[in-house]
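The values are calculated or read from the model by the stated rules, or taken from the named source; none is laboratory data. Since we're looking at a predicted model, the values are computed, not measured. Cβ coordinates were reconstructed from backbone atoms using ideal geometry, including for glycine residues, and neighbour counts include every protein chain displayed. Surface accessibility is based on the protein's heavy atoms, side chains included, excluding ligands, DNA and RNA. Shrake-Rupley method; radii C 1.70, N 1.55, O 1.52, S 1.80 Å.
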Amino acid sequence: MSNCPSRTCNPKAGSNPIPGNPQSFSTKDWIDRQVNSEIHEAMKDLMLDNNTLKKISTLFLQNIERGLKKDTHPTSIVKCYPTYVQDLPDGTEKGKFLALDLGGTNFRVLMVNIDSDKCEMESEIFSMSNELITGSGYDLFDYIAECLAIFSKKRGVAEQNLPLGFTFSFPASQKGLSKAIVVRWTKGFDCKDILGLDVGELLTNAVNKRGDLKIDVCAILNDTTGTLMSCAFKNRDTRIGMIVGTGNNACYIEKQANAELFDEPDMGSGDVVINLECGAFGDDGALDFIRTELDRVIDKEYPNQGRQLHEKMISGMYLGELARRYILKFAQQGLILGGKTSPIFETQDSFPTSNLSEIEKDQPGSFKLQRDILHQLGLEHATDVDCINIRFISQCLTRRAAHLASTALVTLIHKMGVKKVTVGIDGSLYKYHPHFRTLMIAKMNELIDPGYTYELMLSEDGSGIGAALVAAVAAKKKRQLGIS
Ligand code: ADP
Ligand code: MG
């Protein structure tokens with residue numbers, strides 16, 4: 001069993017100082033003097049100044065308003081789905097809960113033991129083949145039920161009808177806390193035959209068909225909601241959840257009165273968590289004024305062409321490939337690497353986003369980690385100046401991603417009008433990139449209106465523990481209302 005930290009232990013939270021760092025985060029002097037001038041010029045399209053970011057913020061806010069309103073929702077790009085989560089954990093949640101996490105790099109089953117101010121969890125990762133995630137959705141759900149049965153039997157809870165929270169991190173239109181209609185697939189998944197069907201029902205049917213497993217599907221949620229919940233468990237100021245991992249999305253707490261699609265009675269809080277699905281921001285062309293030629297190439301290369309355009313500039317699934325394309329382009333123009341790359345490097349997806357983290361971990365003047373990567377890619381002929389240019393390309397992409405994510409957060413903080421907000425964030429790009437968090441804070445400090453304070457808090461397993469917490473809050477409510 002691994003312990004999740006208690007409310008009092010939160011090493012990543014706190015005030016937001018910009019730590020002493022060899023890089024400068026808010027001014028132009030992060031650019032090495034030896035960067036090739038043509039490359040510098042070409043990369044200027046990726047350097048978004050504050051006026052541009054403010055314009056993006058205004059557009060984003062307009063998109064959110066459209067998503068929330070009944071008459072504009074059907075044609076809105078940023079969908080703003082009500083999640084039906086009305087309550088945050090208050091510390092009285094207790095018991096064993098199951099959770100599923102589907103929608104990222106791994107599929108996981110978890111059991112979480114919540115005891116007022118702490119929770120313990122056990123989890124297992126189950127592999128998923130490409131055939132499974134692009135085949136029939138019924139087979140996918142049979143497999144999910146099978147994994148759940150294997151996991152529960154091992155722990156002796158298969159017959160206990162434990163409450164379950166299911167983190168389903170794809171666009172889904174929520175119709176109730178445990179009812180969510182699959183709208184479309186993203187991140188490489190594509191099970192067309194279950195589009196328009198209810199995830200809660202698909203899971204319940206797949207489980208019941210087996211006859212060896214009893215569970216109570218309490219909640220279907222998005223990983224952003226799980227992230228918000230897991231941070232709210234430790235910090236009561238949490239009002240936003242964001243993911244910067246394979247994909248990018250966010251949720252926030254909105255007044256029920258403003259969420260026109262929300263059609264359930266107020267249980268007391270007056271609030272409801274809104275899943276923005278803001279990865280789709282720009283899908284109507286609204287962000288074309290900042291998209292580059294290579295953004296368009298990337299969009300064509302991956303599934304869901306013309307979709308998730310905001311996400312495609314921010315998240316881990318795309319940043320590495322964008323960097324590879326830029327490096328390749330400049331090499332082909334003879335500006336770096338002596339005009340020569342390698343067959344491995346010329347292969348799509350040979351340059352994962354984790355490379356950006358490694359490259360930017362090197363201290364100024366050192367290229368040790370970068371050289372290890374280049375060596376593995378057959379680019380050992382890179383000179384120090386090539387390394388400077390490659391680091392510059394990586395920094396430009398990281399900065400743009402961090403600045404767009406910051407802009408979205410500042411927009412939400414201003415929209416809520418709450419003066420002190422904690423933002424729960426999860427995702428490997430945010431977690432492991434050496435500068436992503438610092439870049440976000442520096443930019444948010446520039447964009448945020450006076451009088452607002454905020455904190456970025458790393459979520460400890462939002463999509464796992466967060467899902468269990470949503471189930472726990474829902475199960476408690478059911479008990480209070482006398483629904484068994
Ligand atoms: P998911 O979003 O799928 O639940 P993660 O939060 O782990 O999962 O995000 C996975 C994404 O993060 C991948 O696209 C990967 O490229 C990226 N990633 C993984 N490790 C790192 C790293 N060290 N630095 C930056 N990005 C990373
Ligand atoms: Mg995840």
The base-10 log of I(q)/I(0) that the Debye equation returns for the chain at q = 0.07, 0.08, 0.10 Å⁻¹, one scatterer per C-alpha, is -0.37, -0.48, -0.75
Rounded to whole angstroms and listed largest first, the alpha-carbon spread of the stretch 102-255 along its three principal axes comes to 42, 35, 27
Taking only the alpha carbons of the stretch 234-323, the radius of gyration and the largest Cα-Cα distance, Dmax, both in angstrom, are 16.4, 49
Counting as exposed only chymotrypsin sites (Phe, Trp or Tyr not before Pro) in DSSP loop states with no more than 16 other Cβ atoms inside 10 Å, the longest exposed-site-free span of the chain is 1-288
Projected convex hull area of the stretch 190-296, Cα atoms, direction-averaged, in nm², equals 10.9
Inter-part gap, Cα centre of the stretch 319-393 to Cα centre of the stretch 149-201, in whole angstrom, is 39
Ordering His381, His375 by the accessible surface of their heavy atoms, 1.4 Å probe, largest first, yields His375, His381
Under the helix-only model (-39500 (n - 2.57) for each DSSP H run of 4 or more, divided by the residues of the chain), the mean residue ellipticity at 222 nm, to 500 deg cm²/dmol, is -12000 deg cm²/dmol
